[in-house]
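I have placed the structure first, in the form of structure tokens, so that the comments after it can refer back to it.
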Amino acid sequence: MKCNMVDKLGRTIDYLRISLTERCNLRCMYCMPEWGCEEVKNDEIRAGEVVALVDIFRKLGIKKIRFTGGEPLLREDLGEIIREVKKFPEIEEICLTTNGILLENKIEELKNAGLNRVNVSLDSVDVDEYKKITRGGDLNRVLRGIELCKKLDVKVKLNGVMTNLTGKRAIYSLGEYALENKIDLRFIELMPIGCGKDLKGYSGEDILEILRKKYTLRDLDHLEGTSRYFSVDGYHSRIGFINPMSQCFCKSCNRVRITADCNMKRCLSADDKISLREILQSKSEDSLLYIKEYLLGKNEENSFFKDNVIREKMNEIGG
């Protein structure tokens, strides 16, 4: 049985984000405290659970899978997971969001397993600034990983979060790096989750205004999921914006999330979740119906402006 999930707002839910771990090899200042996090030991989602869940969700109309974290490249079984998920004909695209530190060592294996696309989280291309933001990250390793993705013809995209830790200089330099290297770049507004509550972020409109002082940007006048894209005169790549705070994108949200402890969230900002591990263990014939009913109750809009809504850190919910 295969169906499409269309909720009461007419949104087609066809995109599943799966966090494979809460662990990370960086300590980005808006994501995790300096001392890191407590590992999800026995509760971390298992490879077999991931494959079993994708098997369920493909029957509900899911077409795109994205593996996130924490840092998903810390999972030694990531290649195996991708190979198994690739066997489902309904899954049209398998993607990965990573900080890129381990990318140069892993990308060839993952491409061969069936990975289609990589998003690299990159907030600065200045070595010292990057090291400060990430509390010790090696920028050159990330850049080598990005270059290898391009050589292997793996589609790559950059995600940048601009805060008071960086400033206008980082906006220009990151934009220049992406445009010169023919890589699409998306600026994502800082969300008040975990450590992000203590920082000040640039709005998408602020960044757009800054970039327009140097480049001619033309609105492509359509959304790709939650992203609004602009072309840049004289360049092949695009600059996009994800603005959850200043311009609610909920009307075009097509995604659902599975956390690293095998729970499901309908919305990044929502506090409610259900245990998918219990559903798998129950082996109930009503599992599809139960999951579908839960998903179709997806929030009409995010809850970022309500007090104390989100108790988790960003690495705990998969970003």
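Across every pair of different alpha-carbon atoms, what Kirkwood hydrodynamic radius in Å does the range 185-256 reach?
For the range 185-256, the Kirkwood estimate is 13.1 Å.
Under the rule of at least 5 residues apart or a separate chain, name every residue whose amide H is placed under 5 Å from the amide H of residue 160.
122, 186, 187, 188
For the pair residue 222 and residue 274, what calculated FRET efficiency results from E = 1/(1 + (r/R0)^6), where r is the Cβ-Cβ distance and R0 = 51 Å, to the nearest 0.05? Intermediate values should be presented prior to the final figure.
Details: r = 33 Å, r/R0 = 0.65.
In this case the efficiency is close to 0.95.
In terms of modelled amide H atoms, which long-range or inter-chain residues lie less than 5 Å from the amide H of residue 119?
Residues meeting the criterion, in which the H sits 1.01 Å from N, are 96, 97, 98, 157.
Equivalent ellipsoid semi-axes for the chain, as square roots of 5 times the alpha carbon gyration tensor eigenvalues: give them largest first, rounded to whole Å. List each step's numbers first, then the result.
Values: eigenvalues 179, 95, 81 Å².
Those come to 30, 22, 20 Å.
Pairs of alpha-carbon atoms within less than 8 angstrom and 6+ residues apart define the contacts here; what relative contact order does the range 5-317 have, in percent? The partial results should precede the final answer.
On the way: 628 pairs, mean separation 66.5, N = 313.
Worked out over the range 5-317, it gives 21 percent.
Give me a comma-separated list of calculated 3J(HN,Hα) values for the range 203-218, in order, Karplus coefficients 6.51, -1.76, 1.60 applied at θ = phi - 60°, integers in Hz, x for any Gly or Pro.
Values, residue by residue: 6, x, 5, 4, 5, 4, 5, 5, 5, 5, 6, 10, 10, 9, 9, 10 Hz.
With N residues in the range 108-214, what two-decimal value do you get for its Cα radius of gyration over 2.2 N^0.38 Å? Intermediate values should be presented prior to the final figure.
Values: Rg = 14.5 Å, N = 107, 2.2 N^0.38 = 13.0 Å.
So the range 108-214 has a normalised radius of gyration of 1.12.
Which entries of 131/155; 132/155; 150/273; 63/283; 213/298 show an alpha-carbon separation above 32 angstrom in the structure shown? Walk me through the numbers on the way to the answer.
Numbers: 131/155 26 Å; 132/155 28 Å; 150/273 37 Å; 63/283 23 Å; 213/298 39 Å.
Those over the limit are 150/273; 213/298.
Bear in mind that the values in this text are calculations on the coordinates, not laboratory data. Small disclaimer: the values here were computed from a predicted structure and weren't measured. Cβ coordinates were reconstructed from backbone atoms using ideal geometry, including for glycine residues, and neighbour counts include every protein chain displayed.
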